[in-house]
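A quick write-up on the structure given underneath.
Read-outs throughout are calculated quantities, based only on the coordinates presented, and are distinct from any laboratory measurement. Everything numeric in this text was worked out from a predicted model, so none of it was measured. For neighbour counting, all protein chains shown are included, and Cβ atoms are generated from backbone atoms with ideal geometry for every residue, glycine included.
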Amino acid sequence: MSDLRHLSRQFPHAGRVQAIVLRPARDAPALSVERALALPERGLQGDRSAARPASRPGGGKRQVTLLQAEHLPLVAAWSGLAQIDATQLRRNLVVEGLNLVAARTLFADQPLVLCIGTAVVLQLTGPCDPCSKMEATLGPGGYNALRGHGGMTARVLQGGEVAVGDAVRVEVASPG
């Protein structure tokens, strides 16, 4: 029988980046792109998170936002919509085939990271709660439709290019 420490680092297969969304400025329309450059301790180049002052120690916990692709139809249904486009929810990376909540570290001495493509490494930092703008975006009740399904926030530990279709794997972080 496996213990919780072992079970929490087992994933049946890799996920995949389904969409990449950049938010150039607050309240500006979000843009869907095929590839983006992840900047260490900053975020995605072209996104407003990466444009924040470099003086911010550690770059903050919300450098990149991730959304579970499988949640899009649920949020649409709860909002009374036929479908939702990922740009409407303004999360940077839409990932399919991998439970993002389970990829968050349970044990401090066993940190997990997301490895995307061949170079990018992200550390999940917490839930990405919806903002009040979701009422205008999704209609009345949109905020509550997204609660618990708003995705995760992350820090960029190692930068590089992210492209739609890239594999997303969960690994135990290397020491140091």
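Tabulated results
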{"read-out": "The chain, relative contact order [Cα under 8 Å, separation at least 6], %", "value": "32"}
{"read-out": "Shape call, region 20-176: gyration tensor on alpha carbons, a/c limit 1.5", "value": "prolate"}
{"read-out": "GNM result for the chain, Cα springs below 10 Å: residue of P40, P130, P12 fluctuating most strongly", "value": "P12"}
{"read-out": "Gaussian network model of the chain, Cα within-10 Å springs - most flexible of R91, R26, R62", "value": "R26"}
{"read-out": "Label-point separation, E135 to V164 (7 Å along Cα→Cβ), nm", "value": "3.3"}
{"read-out": "Note, ³J(HN,Hα) from phi for region 110-116, Karplus 6.51, -1.76, 1.60, rounded to Hz, x at Gly and Pro", "value": "9, x, 9, 9, 9, 9, 10"}
{"read-out": "Residue of T87, T137, T125 that the Gaussian network model of the chain assigns the largest fluctuation, springs spanning Cα pairs under 10 Å", "value": "T137"}
{"read-out": "Within the chain, helix-based [θ] at 222 nm, where runs of 4 or more DSSP H residues each add -39,500 (n - 2.57), nearest 500", "value": "-3000 deg cm²/dmol"}
